[in-house]
Amino acid sequence: MIYYPIDPGAPFNVNDLLLKMKGPFSSFFQVNETLELCRHALWVTCEPSQLQQVLWNLVVNARAAIPHKGGITIESTGVSITNEYLADHPDASVGPFVCLSVSDNGCGISAKDLPHIFEPFFFSSKSKVGLGLYFC
């Protein structure tokens, strides 16, 4: 695998990015989506287009699992990882973080498919795309 250095650029507010993506999500996927944004700005330093791609892939997967009148919720929150949390999660780091959650009211993932969802080219739907969660 080849790794390329990423120039993270300037910090930006994740909530602003989500608000900009709301229109394209609504028109392209034709679903009811809800944004539940943290009241405070959530500043991150990363490549915005890569974060957009992750969110787009998650919404594509969510859309594939919901009926026509279903809904998708995208939530942003600020979390603080403490030393107590590290006791059960040794790979974590102490500090403030942004948590983004994408959920839907679709059919869910079958127990037989669940172990495979992050494998490249695995798909369980008719779309046969198979890279969305792998890239996320």
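The values are calculated or read from the model by the stated rules, or taken from the named source; none is laboratory data. Note that the coordinates shown come from a computational prediction; the quantities given were computed from them, not determined experimentally. Cβ coordinates were reconstructed from backbone atoms using ideal geometry, including for glycine residues, and neighbour counts include every protein chain displayed. These accessible areas exclude ligands, DNA and RNA; they are computed on the full protein's heavy atoms, side chains included. Shrake-Rupley method; radii C 1.70, N 1.55, O 1.52, S 1.80 Å.
What is the projected area of the convex hull of the Cα atoms of the range 66-125, averaged over all directions, in nm²?
Taking the Cα atoms of the range 66-125, their convex hull projects to 6.2 nm² on average.
Below 18 Å, Cα to Cα, which aspartates and glutamates can residue 69 reach? Residues fewer than 8 away in the same chain don't count.
33, 104
Mind checking the range 26-83 for trypsin sites (Lys or Arg not before Pro) that DSSP puts in a loop (not H, G, I, E or B) and that have at most 15 other Cβ atoms within 10 Å?
Of the trypsin sites (Lys or Arg not before Pro), the ones in loops of the range 26-83 whose Cβ has at most 15 other Cβ atoms within 10 Å are 39, 69.
What accessible area, in Å² to the nearest ten, does a 1.4 Å probe give for residue 44?
Here the accessible area works out near 30 Å².
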